[in-house]
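To keep things clear, I will list the structure first and then write my remarks on it.
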């Protein structure tokens with residue numbers, strides 16, 4: 001898509017990486033870093049990259065619907081993620097977040113990019129509405145907040161498509177998303193599971209949490225019962241709950257516990273199954289809570305026969321073929 | 001017990017931004033059993049000299065030949081919450097290089113020293129609950145336990161009532177009587193009058209003399225700048 | 001000393017130890033997995049069923065972690081309070097906790113496994129503590145207490161600033177919660193290997209402090225007195241500080257930042273056995289271990305989610321400290 005700009009992109013990748021690390025170390029060098037970044041490679045696209053994502057979920061939505069208009073990442077994805085995305089992804093600058101999660105954007109530098117539209121995707125909290133209004137007056141750009149609920153992803157995609165004038169592409173994706181969610185809701189009951197987050201796996205989403213919504217919606221039973229949110233538990237508690245399956249996005253955790261009897265042995269003597277879901281380019285069930293979750297929904301609806309769907313979905317969402325981004329693995 | 005030998009000793013503090021000072025060189029010999037009183041106006045350097053003799057400060061020039069020394073700061077400078085007995089027994093720390101605690105023998109020695117100075121009944125009280133006079137007697141008991149041949153006391157009679165002052169002075173006599181060298185700085189001139197020798201540190205030099213000569217009125221006037229036919233601090237007779 | 005008074009003087013230590021043993025048994029015997037005590041007992045001798053073995057594997061390291069951390073923080077706190085002659089001195093005086101937190105956060109930022117995180121925390125704590133000690137040694141002022149406190153504050157502040165930087169740069173959906181939970185403290189995430197790994201430095205530091213005993217009393221009289229009494233004051237003080245820093249570093253590396261134990265345990269011990277280091281330090285260790293056991297029990301007493309022990313130690317420790325303080329001042 002960016003033809004002869006490839007060399008420029010590759011060279012700037014190096015510059016951007018050191019700029020990002022340096023700016024993190026300086027800490028308050030937001031303006032400095034951003035002004036350096038905005039002298040980056042997309043100069044010839046400056047007129048076209050006019051959409052700013054307020055947070056990571058919104059960035060994924062814009063990337064899926066109209067990736068050529070995304071001005072930058074709220075938070076720069078890791079190297080592994082960038083390798084799992086098409087080349088232009090690495091060339092985008094880091095702009096900072098506008099929603100309060102992570103490094104805050106420098107509003108002046110952001111205004112210098114002259115964005116026409118700011119999209120936020122997630123909670124439709126009245127508090128955020130007020131924030132949206134304030135930022136709209138300060139940045140002079142139109143701010144739109146799209147409902148991030150999992151069940152309303154097709155609507156969200158269509159709304160984004162309207163805003164970004166990417167109608168046909170968005171419609172195709174929205175239709176596929178609706179189909180995926182339909183199958184997902186009708187999935188046959190699955191096993192009981194414990195969702196392990198983090199390298200030690202002791203952080204989990206309790207029943208009703210956003211993190212485990214994809215698994216619970218596919219009729220898998222979350223053994224963790226408590227607050228409807230994320231929390232820490234002990235290994236003994238997990239053993240007491242005795243789930244059939246351990247689900248994790250963390251490769252390190254999976255490798256660390258694959259031979260650990262404390263995690264793998266169930267009360268009836270059987271071996272507990274361990275499911276490692278792909279994390280690249282973005283998690284299939286979590287991290288961030290955005291359109292990436294569709295892949296999890298598709299696979300859970302039909303683990304055996306969803307390869308085609310997953311391939312098409314992955315290509316539409318990210319621009320990469322599925323074989324390049326990994327498959328769920330049952331760890332022995 | 002061996003004596004104290006000073007050869008050209010220059011005590012003082014090195015200048016740090018012009019705040020240093022030097023005492024005049026001292027060539028003295030003090031025999032075991034002697035009590036030397038150090039007198040002089042405030043700021044003359046008495047404390048610095050005592051600390052140098054005790055090995056706590058390095059001399060600026062010259063040499064000291066001395067046996068093991070024990071140093072006692074002025075009353076009120078020692079604050080400790082543990083018991084009198086324990087504090088006194090700590091005087092034997094120099095003997096316990098590698099063991100993990102004090103031996104019963106140390107506690108026995110402490111108790112004996114306290115009894116000797118008639119403060120044995122305070123053995124189990126916390127040290128910081130005692131009066132200044134009692135604390136000073138306990139600390140001198142600790143000097144006995146330390147058993148150092150050279151004892152340096154900084155203003156041992158300050159802040160004490162006459163009864164305790166007399167008891168402390170008696171204890172100092174016993175310390176010296178057992179063959180130790182006792183060098184004590186003081187403002188209390190009657191005590192200096194009863195010492196064996198007096199070292200006067202003044203603006204024009206340091207002189208060691210017999211008390212009679214060192215405490216003569218003209219010398220006192222030259223040293224302190226006041227007329228005194230009695231002790232300037234308490235008015236008592238000088239000899 | 002006759003046998004009766006010898007017994008009386010060791011009575012507090014004895015009572016504290018018995019209390020600790022009783023609490024250990026109580027903690028071992030209760031938890032989410034219901035196991036009859038007889039099973040547990042036979043498992044302790046290697047002849048139990050697999051479930052009882054599992055429970056021991058789960059509860060044992062947690063117990064060990066709580067005991068060693070509590071004892072380490074109690075002992076280090078007592079040592080610092082004696083050395084600095086300040087009843088408000090806490091194990092974090094030299095910035096060791098902040099340094100350990102920084103080390104762990106950096107390791108978590110780089111995606112390291114739990115063993116590396118613990119090692120990084122240990123190294124970080126020692127580094128910052130060493131920095132404080134080194135800077136203070138440069139000043140060469142008297143007994144250096146003020147210099148130590150100032151350098152400790154500065155070193156700790158540097159570490160905290162670094163930590164703040166890491167928090168900003170961390171990925172908000174996975175790394176940031178992990179760092180936050182690590183910092184808030186937990187005894188349950190330690191495996192047996194990690195607990196044993198921390199045991200080494202803690203035992204070493206504890207042994208040094210116990211051996212120093214009466215020498216700490218001498219040091220608390222001031223450098224000049226100490227040297228006059230025939231002790232190498234500077235060397236001993238450095239040894240004591242290094243031992244305390246070692247213990248604190250290992251404790252924080254194992255369990256995260258658990259405050260108030262190091263402040264509370266010496267005060268409680270002082271009320272029971274007085275000011276002598278020879279008795280204060282062991283009793284303070286025992287009380288610290290007890291306190292850690294209590295808050296560890298409380299951490300999982302309110303539902304399946306684990307309350308971080310750092311929060312509990314503040315919630316329980318601060319009022320307890322106030323109570324002790326009032327009692328002590330009423331008594332004097």
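Just so you know, all these numbers are worked out from the coordinates, no wet-lab data involved. Please read these numbers as outputs of a predicted model, since none were measured by experiment. Note that we place each Cβ from the backbone using ideal geometry, even for glycine, and neighbour counts take in every protein chain shown.
Quick notes on this one:
- Pairwise FRET efficiency - residue C:88 versus residue B:209, Cβ, R0 = 30 Å, nearest 0.05: 0.05
- Note on residue A:312/residue C:311: beta-carbon distance plugged into 1/(1 + (r/R0)^6) with R0 of 41 Å gives a FRET efficiency of 0.30.
- For segment C:260-293 versus segment C:171-186, the spacing of their alpha-carbon centroids is 31 Å.
- Rounded if a/c under 1.5, otherwise prolate or oblate - segment C:40-175, Cα gyration tensor axes: oblate
- Rounded if a/c under 1.5, otherwise prolate or oblate - segment A:192-331, Cα gyration tensor axes: prolate
- Dimensions of segment C:108-255 based on its C-alpha atoms, expressed as ranges along the principal axes with the largest first, amount to 59, 32, 18 Å.
- Label-point separation in nm, residue B:196 to residue A:79, each point 7 Å along Cα→Cβ: 8.0 nm
- Where the Cα pairs of segment C:1-101 fall when distances are cut into 5 Å bins, in %: 2, 11, 14, 14, 12, 13, 12, 10, 8, 3, 0
- Quotient of Cα Rg and 2.2 N^0.38 Å for segment A:116-170, N being how many residues it contains: 1.18
- In this simple spin-label model, placing a label point 7 Å from the Cα along the Cα-to-Cβ direction at both residue A:138 and residue C:38 gives a separation of 6.9 nm.
- Kirkwood estimate for the protein assembly as shown, i.e. one over the average of 1/r between Cα atoms, Å: 32.6 Å
- For chain C, built as a Gaussian network whose Cα springs stay under 10 Å, the top-fluctuating residue of C:169, C:20, C:252: C:169
- Alpha-carbon centroids, segment C:95-161 and segment B:114-142: separation in whole Å: 43 Å
- Acute angle (nearest 10 degrees) that the helix B:132-146 long axis makes with the longest principal axis of chain B, alpha-carbon atoms: 80 degrees
- DSSP beta bridge pairing in the protein assembly as shown, given as percent antiparallel to the nearest 5: 40 percent
- Exposure proxy ranking, count of Cβ atoms within 10 Å, fewest first, for A:330, A:299, A:220, B:98: B:98, A:330, A:220, A:299
- Listing C:160, C:228 from fewest to most neighbouring C-beta atoms within 10 Å gives C:160, C:228.
- Most fluctuating residue given options B:142, B:116, B:96, as computed from a GNM of chain B linking Cα atoms under 10 Å: B:96
- Global form of chain C, assessed from the alpha-carbon gyration tensor, a/c cut-off 1.5: oblate
- Considering every alpha-carbon pair of segment B:78-147, the percent of pairs per 5 Å bin, from zero through the bin containing the longest distance, is 3, 20, 33, 24, 14, 5, 1.
- Note on chain B: helix-only mean residue ellipticity at 222 nm, from DSSP H runs of 4+ residues weighted -39500 (n - 2.57) and normalised by residue number, equals -9000 deg cm²/dmol.
- GNM result for chain C, Cα springs below 10 Å: residue of C:153, C:117, C:96 fluctuating most strongly: C:153
- Potential lengthening between residue C:239 and residue C:11 on full extension [0.36 nm per residue; Cα-Cα distance subtracted]: 79.2 nm
- The simple Förster model, with R0 at 56 Å and r as the Cβ-Cβ distance, assigns residue C:19 and residue A:330 a FRET efficiency of 0.70.
- Angle of helix B:104-116 to the longest C-alpha principal axis of chain B, folded into 0 to 90 degrees and rounded to 10: 60°.
- Cβ-to-Cβ counts within 10 Å put A:286, A:162 in ascending order as A:162, A:286, the fewest first.
- Crossing angle, helix B:162-177 versus chain B [Cα axis fit, 0-90 degrees, rounded to tens]: 90 degrees
- Inter-part distance where segment A:278-331 and segment B:149-173 are each reduced to a Cα centre, Å: 89 Å
- Taking 7 Å steps out from each Cα toward its Cβ at residue B:121 and residue B:222 produces label points 5.0 nm apart.
- Chain B - convex hull of the alpha-carbon atoms, volume per residue in Å³: 136 Å³
- Calculated over segment A:128-253: convex hull of Cα atoms, volume per residue (Å³): 146 Å³
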